[in-house]
Amino acid sequence: MLLRRELKKKLNEAPSSLVVITDSQLEQDNPKTLGDALLDIPNVMMEAPDSPVFTRISIRGSDSDQITYLIDGVRQDNYTMSGNRPAFMFADPEMIKQIEVRRGGGSSLYGNGGIGGTIAVTTKTAADLLKPGRDFGAKLKAGYNNDADEFGQAAWLYGRKGPVDAVIGFSHRDGGKVISSSNGKRSKTPRNAQYDSFTSKLSFTPSDDSIFSIGYNYDENKLDQGRTDNEAKYRLKQHRLSGSWEYSSGDWVDLVVNMQYMKLDNKFDGTSYNDEAYFKDKFDSYSINTQNTSVFEFGGTHSLTYGFDASLNKQKATDVYGRPDRSRPKSKGYDAGLFIQDEYAINPYLTLTPVLR
């Protein structure tokens, strides 16, 4: 068992600024999107939680681009766009093991920009899905959601043999008109929304103190909204390839290395009512995060975490004529940092957390 897992806090032991949504809660609430799962958290405001494209989140009054988004420990740098661009994460609720929502800043471990808060998603492995004593399993699911006039289907295969753990799955949702939250009536605006998600994850555990994981995710969202002469069409495709290595040895070494490549294509077409209401975005992101945690006693218990992270982002946008979009010029972004954080438990009731980045 890795030390990092042993140190995970239970919900009733977490500080008041941190909310943890467990897999059992997700199973009970059965959210159709990640945004749906966050609706009941105090000081967290959601806009369009039913749509992966339009979801906007505010934590304690922050803007959506002032929040740090993480999937399996990797910061998702593409979700800081605005307007008709996505500003939220794509994660199939069926594959989410846990969601942590940290309200406000307070951590140097997640990079720059998270002054409003942090949303961290951990995805499932086959070990999380298998029944006791089983090595292989399958899951089929179908349902209808009245709020969105939406049908959904999902299929999963998963197994574990020796040190190898694998899961693969696909889900599809096809919805129509939504019910307005203000009057409880179904919108008269013609609407057709489809969301497809493919997930695969392979983990290898050569020993109790080490684990390697690699995953590939594909998400595609289609939305047609409005009458034929006044129609807006959205198309979004995302590829995400990630890998990680965790190694633990005693109290001094609890090492985690995460890497990710992400490619996102986003297109909006509103030319039926405005010849220039069109854009096409291409976004590529490369990132790495390395950190180690050491636990020791010195006037109390210290949990010292230190490491570095770096990312490279590339973005290119074109207008309806295929020319560079002047509102979103071609650009590159580099971000790198060193960090150190000490959680110093003076006694069972008082913990200090000095940080430096």
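The values are calculated or read from the model by the stated rules, or taken from the named source; none is laboratory data. On a predicted model such as this, the values are computed, not experimentally measured, just so you know. Quick reminder, even Gly has a Cβ in these numbers, built from the backbone with ideal geometry, and neighbours come from all protein chains shown.
Below is a table of values for the structure above.
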| read-out | value |
| --- | --- |
| Odd one out for L255, checked against (1) closer than 30 Å to T301 by Cβ; (2) of a type outside the set (V, I, T); (3) modelled with pLDDT under 95 | (3) |
| Those residues of segment 233-254 which are part of a strand (DSSP E or B) and surrounded by fewer than 19 Cβ atoms within 10 Å (Cβ to Cβ), in sequence order | K233, R235, K237, H239, L241, G243, W245, Y247, S249, V253 |
| Unique match (being closer than 17 Å to N258 by Cβ and either out of contact with any His (no Cβ under 7 Å at 6 or more places or on another chain) or of a type in the set (S, T, N, Q) (or both)) among G333, G322, G307 | G307 |
| Unmet requirement for S327, which otherwise passes all of (1) surrounded by 15 or more Cβ atoms within 10 Å (Cβ to Cβ); (2) small (G, A, S); (3) at pLDDT below 85 | (1) |
| Matching entry among D174, D165 (being assigned to a strand (DSSP E or B) and modelled with pLDDT under 90) | D174 |
| Boolean, Q66 is at pLDDT below 80, of a type outside the set (D, E) and surrounded by fewer than 21 Cβ atoms within 10 Å (Cβ to Cβ) | yes |
| Candidate set from segment 270-321 (those that are more than 26 Å from the chain's Cα centre (by Cα) and of a type in the set (D, E, K, R)); member that is modelled with the highest pLDDT | E297 |
| Segment 263-299, residues that are part of a loop (DSSP other than H, G, I, E, B) and surrounded by fewer than 14 Cβ atoms within 10 Å (Cβ to Cβ) | Y273, N274, D275, E276, F298, G299 |
| Subset of segment 69-85 (residues that are of a type in the set (A, V, I, L, M) and modelled with pLDDT under 70) | M81 |
| Identity of the residue in segment 87-106, part of a strand (DSSP E or B) and over 10 Å from the mean Cα position of the chain (by Cα), that ends up modelled with the lowest pLDDT | R103 |
| In segment 136-152, residue farthest from M95 (Cα to Cα) [restricted to those that are touching a Lys or Arg at 6+ places or on another chain (Cβ under 8 Å) and at pLDDT below 90] | D149 |
| Residue in segment 20-28 that is at pLDDT 75 or above, closer than 26 Å to S248 by Cα and of a type in the set (S, T, N, Q) present | yes |
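Residues checked against (1) touching a Gly at 6+ places or on another chain (Cβ under 7 Å); (2) farther than 27 Å from V74 by Cα; (3) part of a strand (DSSP E or B):
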{"residue": "F308", "(1), (2), (3)": "yes, no, yes"}
{"residue": "Q315", "(1), (2), (3)": "no, no, yes"}
{"residue": "R328", "(1), (2), (3)": "no, no, no"}
{"residue": "Q341", "(1), (2), (3)": "no, no, yes"}
